[in-house]
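Since every read-out is calculated from the coordinates, none of them should be taken as a lab result. Since we're looking at a predicted model, the values are computed, not measured. Here the Cβ positions follow ideal geometry from the backbone for every residue, glycine too, while neighbour counts run over all protein chains shown.
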Amino acid sequence: MSVKSDKWIRKMAQEHKMIEPFEDRQVRDGVISYGVSSYGYDMRVADEFRIFTNVNSTIVDPKRFDAKSFVEFKGDVCIVPPNSFALARSVEFFRIPRNVLTICVGKSTYARCGIIVNVTPFEPEWEGFVTLEISNTTPLPARIYANEGLCQVVFFESASDDVCEISYKDKKGKYQSQQGIVLPKI
């Protein structure tokens, strides 16, 4: 596997619609940067959020997740409560080729403020909007800016003779083609 450069990302986005909408340069003026970087793509967070609340005093259970544990919010700035988290979705829709795997890491601007972004790998042939977990590890409320960069996707491509036997699409993955913020499923 090899990590892929900005040139490869541009080609895949333009020829194969791997990322839509696609920003072919890094946008930086007055915003937390997004778009193509040297060896990745800085993904934006949309203006739709689900903010965790403990109003119902429920137990967090991935097998029986209660949607009432979240408050829905739509807006340009989301306030994540202290020591809590929010779910969001990407602005971009991704279509991952069969010979590609991605990892995603938070941007340093947020990390330096105690904001951790968790995104699981995009498996070969997965497609959809990305559900993003935004954790505020601080004892203070934190601002998240919609339509600005939140995390960076790094793309790894296998050798042409080493394509995976079973892709995410082949196994009919439960998060395939997700359209919005998707809660845990079994």
Exercise. Could you point to the residue in 146, 160, 176 farthest towards the positive end of the stretch 137-179's charge dipole, with +1 and -1 charges on the Cβ of Lys/Arg and Asp/Glu respectively?
Key: 146
Practice problem: Quick one: angle between helix 6-16 and the longest Cα principal axis of the chain, in degrees between 0 and 90, rounded to 10, please. | Solution: 90
Self-check item: About the Cα centre, charge dipole magnitude for the stretch 34-186 (Lys/Arg +1, Asp/Glu -1 at Cβ), debye
Solution: 500
Quiz item: Assigning unit charges at the beta carbon (Lys, Arg +1; Asp, Glu -1) and nothing else, what dipole magnitude in debye, to the nearest 20, does the stretch 51-122 show about its Cα centre?
Solution: 240
Quiz prompt | Helical contribution to [θ] at 222 nm, DSSP H n ≥ 4, -39,500 (n - 2.57), averaged over the chain, rounded to 500 | solution = -2000 deg cm²/dmol
Quiz prompt | Gain upon complete extension [residue 140, residue 76; 0.36 nm per residue less C-alpha separation] | solution = 21.1 nm
Quiz item: Can you give the FRET efficiency for residue 38 and residue 185, using 1/(1 + (r/R0)^6), R0 = 30 Å, r = Cβ-Cβ distance, to the nearest 0.05?
Solution: 0.30
Practice problem: Enumerate by residue number the trypsin sites (Lys or Arg not before Pro) in the stretch 1-96 meeting two conditions: DSSP loop (anything except H, G, I, E, B), and at most 16 other Cβ atoms within 10 Å of the site's Cβ. | Solution: 17, 25, 28, 63, 64
Practice problem: Calculate the tail of P(r) for the stretch 142-183: the fraction of all Cα-Cα distances greater than 14 Å, expressed in %. | Solution: 72
Quiz prompt | Under the Karplus curve 6.51 cos²θ - 1.76 cosθ + 1.60, θ = phi - 60°, whole-Hz ³J(HN,Hα) for the stretch 113-123, x wherever Gly or Pro sits | solution = 9, x, 9, 10, 10, 10, 9, 6, x, 8, 6
Quiz item: Say the dipole of the stretch 44-95 comes from +1 at the beta carbon of Lys and Arg and -1 at that of Asp and Glu; which of 86, 52, 62 then lies farthest toward its positive end?
Solution: 62
Quiz item: What is the P(r) of the chain, as percent of Cα-Cα pairs per 10 Å bin from 0?
Solution: 9, 36, 34, 17, 3, 0
Exercise. Would you calculate the separation in nanometres between label points at residue 158 and residue 31, each defined as 7 Å from the Cα along the Cα-to-beta-carbon direction?
Key: 3.5
Quiz prompt | Test item: Cα-centred dipole of the stretch 1-42, Lys/Arg +1 and Asp/Glu -1 on Cβ, debye | solution = 180
